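Quick note: the coordinates plus some simple rules give every number you see, no bench work behind them. Small disclaimer: the values here were computed from a predicted structure and weren't measured. Here Cβ is always computed from backbone atoms with ideal geometry, including for glycine, and neighbour counts include all displayed protein chains.
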Amino acid sequence: MKISKEKCIACKACHPYCSVGAISFVLWEEKKKSEVAQADCVECGACLRSGVCPTNAIFMPELDWPRKIRAHFSNPYAGPLPGLKGAAPPPDPKLNEVTGRIPEGVTVVAVEVGRPGVGASFRDVQEICKALSGAGVTFDPGSSVTGLMANPAAGELREEILNEKGLNVVIHFSIPHQGLLRGLRALMEVSPWINTVFSIGLSNRLDEDGAIPTASIAEAAGLTLRPHAKTNTGLGRA
Amino acid sequence: MSHSLYRSGNAECLHDDYVMLIGTSVDRMKDPTVRDKMREAWDILSSFGSHLTNFGSIRGGGRHRKSFEEFKKEDKFLVHAVFKDRETLKACLEKIKEKDLGLSVTVSGLFDEVKKTCREIGLTPHTVQYSLGIFGKTDLLPDERVLEITTMCGHAMVSPNLIAHLIEKVGKKKMTLAEAALELSRQCECGIFNPARAERLLREMI
């Protein structure tokens, strides 16, 4: 995102709307003007959509590769990048009673790097991918992050994107329940070494009595289930 | 991405926050009968009118932008409604079950309460997506009270700075709490933000 210096009247109205706090004042031709720090901006478009600029000074420039991946991982309207060629998108727990893509005995893991609201560099995303790869994880071929990998088996991303960032970069993988503990431990081991935050979401078929089959595995990894969850009520039909 | 999964807060704080997601696959929306079912779902949601604190569709905005009728005409494959109490959620879920729409319905909220609600109306939950919390450099996060508000927009379009800015405006009596909550909700592009809960949380912060 950018702000036209010619149009900006330094009213500061846009500053609080930036999702990552990247807008500040600079001096331009001896006048105070608002500017978006390009290194920090994740191209989410929140400043523009807020509609608070009284002079329409905020604009979205044409983004070149690799900067355009910032928008794909941050702007709700940009849509995700495709995964590896021909691969279906990651399984959706919201439709699982219809698609059956999350079978019994398997957990679909989403590691949401940069969530909540901090953002992440792809260098940090790569660190997490490498740690998971070392734990024997196979990344979901339909995930956007997998599509950006130079070497999916090693969790290595393409060199040219490592300095880019996104607001919420999701690493997806499916893993049999018996491999989940190792995957979660790998995440806990890499956790102190990255410069951002990440959230972990797990999707499972529920047991017949409504219990979560992997709760004990998460607890064995020293993790606590949050009280909030997304529950597919089973109403859908093919 | 799981936009409504990571709402911050303990069980007490989340008691007035349930998001219903009604959907089908993008491919099935080509089938006119499925499109009709989605429209029927909108009719059911609209019958709960003011009991819903927000509603909308994926990247379609929330109630601040469009009416039920406008959303209904858009034929989106995923629609959302936000409930501030379990009783209304239960009544709505029961109505959807009675109509037998065949659409997938997911409820994002306190797991134990949702499970209890399903049991009370004879539903057997199929799949769950749950969260294990936040890891990494957590000192980069804002205060937990702020997170309780910001995480209600899954795309992270509600910034901590905006909350501070609006609290200041409310303090200077330039804006009411309800207006501040609505302004926060306006930033959410999918209508899953809960302005009623935001208003309560803002009141507690001031």
**Request:** Output the qualifying pairs, or none if there are none: Cβ atoms under 7 angstrom, residues six or more apart or on different chains, first residue in region A:217-238 and more than 7 Å from chain B (Cβ to nearest Cβ) and among the β-branched types (Val, Ile, Thr), second residue surrounded by fewer than 20 Cβ atoms within 10 Å (Cβ to Cβ) and not in a loop (DSSP other than H, G, I, E, B).
**Result:** A:ILE217/A:HIS177; A:ILE217/A:LEU181
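Criterion first (charged (D, E, K, R), facing chain B (nearest Cβ under 7 Å) and over 18 Å from the mean Cα position of the chain (by Cα)) does A:ARG182 satisfy it?
No, not satisfied.
Could you please let me know if B:GLU204 is surrounded by fewer than 18 Cβ atoms within 10 Å (Cβ to Cβ) and either part of a helix (DSSP H, G or I) or in contact (Cβ under 8 Å) with a residue 40 or more places away in the chain (or both)?
Answer is yes for this residue.
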**Item:** One residue from B:THR138, B:THR88, B:THR124 being closer than 26 Å to B:GLU40 by Cβ, surrounded by fewer than 16 Cβ atoms within 10 Å (Cβ to Cβ) and without any contact (Cβ under 8 Å) to a residue 60 or more places away in the chain
**Value:** B:THR124
**Complete:** Considering region B:82-116, residues that are outside any strand (DSSP E or B) and of a type in the set (Val, Ile, Thr), and then whichever is nearest to A:ALA211 (Cα to Cα), we arrive at B:VAL114
**Item:** Extreme residue, nearest to A:CYS14 (Cα to Cα), among residues of region B:158-206 that are in contact with a Gly (Cβ under 9 Å, 6 or more places away or on another chain) and away from chain A (no Cβ under 14 Å)
**Value:** B:PRO195
**Prompt:** Does region B:8-30 contain any residue that is out of contact with any helix residue (DSSP H, G or I) (no Cβ under 9 Å at 6 or more places or on another chain), part of a helix (DSSP H, G or I) and either under 20 Å from A:LYS94 (Cα atoms) or without any contact (Cβ under 8 Å) to a residue 12 or more places away in the chain (or both)?
**Reply:** yes
**Message:** Residues that are touching a residue at least 60 places away in the same chain (Cβ under 8 Å) and more than 9 Å from chain B (Cβ to nearest Cβ), at least 1 per element: which helices (runs of 4 or more DSSP H) completely within region A:16-108 meet that?
**Reply:** A:68-72
